[in-house]
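The numbers here are math on the coordinates, done by the rules we state, and not lab data. Only a predicted model underlies this, so the values are computations on that prediction, with no experimental measurement involved. For neighbour counting, all protein chains shown are included, and Cβ atoms are generated from backbone atoms with ideal geometry for every residue, glycine included.
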Amino acid sequence: MRQALIFGITGYAGSALARHLVQQGWGVRGIGRSESAASDLESLGVEVEIADVGEPEELESLGRPDDHVFYLVGSISGHPDWTERVGLDGVVNAEAALADTGIASFVLVQTLAVYGRGSDETITEDTPTQPNSQLGRISLRAEQHLRDALRKREFPARFVRAGTIYGPGRRTVDALRNKRLRMLGGGENLSSRIHVDDLATVLAAVAERGRSGEVYLAVDDQPISMAAYFDYLADLAHVPAPGSTPKWLARAMIAGFGLTSKLTKGHAPLGHNLYMLVTGNYACSSRKIRSELEVELTYPTYVEGVESLLADEDEDA
Ligand SMILES: NC(=O)c1ccc[n+]([C@@H]2O[C@H](COP(=O)([O-])OP(=O)(O)OC[C@H]3O[C@@H](n4cnc5c(N)ncnc54)[C@H](OP(=O)(O)O)[C@@H]3O)[C@@H](O)[C@H]2O)c1
């Protein structure tokens with residue numbers, strides 16, 4: 001039986017991956033922090049350990065020979081110290097804990113922040129990185145650490161850069177209905193998206209058929225502007241389309257939140273990392289996951305994906 005070890009198993013993407021792999025007949029273990037999310041997963045036969053990736057001693061004796069390991073711990077909106085702790089220190093700690101255990105693969109899941117403001121051209125796995133945020137720089141340092149481990153110790157690391165992850169359970173329609181979701185700067189920039197179930201398919205394919213040292217973009221086939229995506233969703237769900245906050249105002253808010261969160265060490269609702277990600281122009285290609293990994297996407301564009309969101313909203317109603 002194929003075995004998975006998922007860091008961040010209690011999160012949105014991690015728990016979807018766990019469910020997908022269980023359905024495919026894998027044995028699944030993982031670590032997370034939330035006791036309640038852990039008990040939901042345990043009812044599916046998944047083993048969950050509560051541990052902190054920032055504490056090396058809590059990761060001891062986790063790995064087993066032939067495990068496929070998925071790292072889905074990260075923060076796009078947290079305090080910068082936290083972003084570094086989970087996005088870099090956690091990766092270093094996980095690699096140290098697993099280095100001599102004979103794992104089959106280690107799949108690091110990150111964002112498109114490494115591409116900075118993005119590009120007017122289609123982004124592929126060969127596009128040079130040009131981070132313009134702390135998240136982007138931290139992501140590349142974590143990647144470099146694993147590339148060194150691959151070179152020195154044959155640590156089987158592969159790198160997944162995922163577009164915006166969407167799907168059931170995000171309560172996006174609720175957020176639109178309650179006017180909690182806003183565009184930044186009009187939302188004309190292109191974004192690449194991936195349905196959470198398709199992300200799970202891509203991650204399993206990277207683990208089983210991907211090559212160590214390679215980057216894979218986890219995105220669907222059709223980049224779409226932020227504004228067009230949310231207008232389409234709002235229209236079909238009969239809720240108001242989101243308003244837009246001008247970029248200058250968003251930047252002023254970030255400066256204000258940044259000061260408060262520095263003083264309180266608390267969470268800022270909008271930070272520089274998130275701002276850069278949602279205002280970047282990311283039209284990414286799905287060609288490599290399709291041709292090299294032979295992935296078939298269930299939701300190749302937002303049109304099929306939005307249908308699943310609306311079905312979920314009906315279920316929740
Ligand atoms: N959201 C997106 O659109 C997007 C796009 C591209 C890439 N990504 C990346 O994909 C990954 C997963 O995203 P997501 O949306 O599923 O995130 P998420 O729902 O916030 O899940 C994060 C997971 O990490 C766990 N975690 C956080 N801090 C931890 C710590 N110190 N020690 C151990 N576990 C810890 C969380 O545990 P608890 O929930 O139990 O606290 C949760 O299981 C992240 O790296 C994210 O940056 C996200």
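Brief remarks on what is shown
- Computed lengthening from residue 151 to residue 101, 0.36 nm per intervening residue step minus Cα-Cα distance: 16.3 nm
- The mean sequence separation of alpha-carbon pairs under 8 Å and at least six residues apart, normalised by the residue count of the chain, gives a relative contact order of 19 percent.
- Calculated log₁₀ intensity ratio I(q)/I(0) where the Debye formula runs over C-alpha points of the chain, q = 0.10, 0.11 Å⁻¹: -0.56, -0.68
- Given charges at beta-carbon only (K, R positive; D, E negative), |dipole| of segment 1-90 in Debye: 500 debye
- For the chain, calculated [θ]222 nm from helices alone, where every DSSP H run of n ≥ 4 adds -39500 (n - 2.57): -12500 deg cm²/dmol
- Global form of segment 8-74, assessed from the alpha-carbon gyration tensor, a/c cut-off 1.5: oblate
- Within-10-Å neighbourhood charge of residue 153 [Cβ basis; K, R +1; D, E -1]: -2
- Put in order of Cβ neighbour count within 10 Å, fewest first, the listed residues 238, 195 become 238, 195.
- Residue among 274, 108, 249 with the largest mean-square fluctuation in a Gaussian network model of the chain, springs linking Cα atoms under 10 Å: 249
- The calculated FRET efficiency for the pair residue 251 and residue 58, based on their C-beta separation and a Förster distance of 30 Å, comes to about 0.20.
- A crude spin-label estimate for the pair residue 241 and residue 34, with each label 7 Å from Cα along the Cβ direction, gives 3.2 nm.
- All aspartates and glutamates inside 19 Å of residue 247 as judged from Cα atoms, apart from same-chain residues fewer than 8 positions distant: 188
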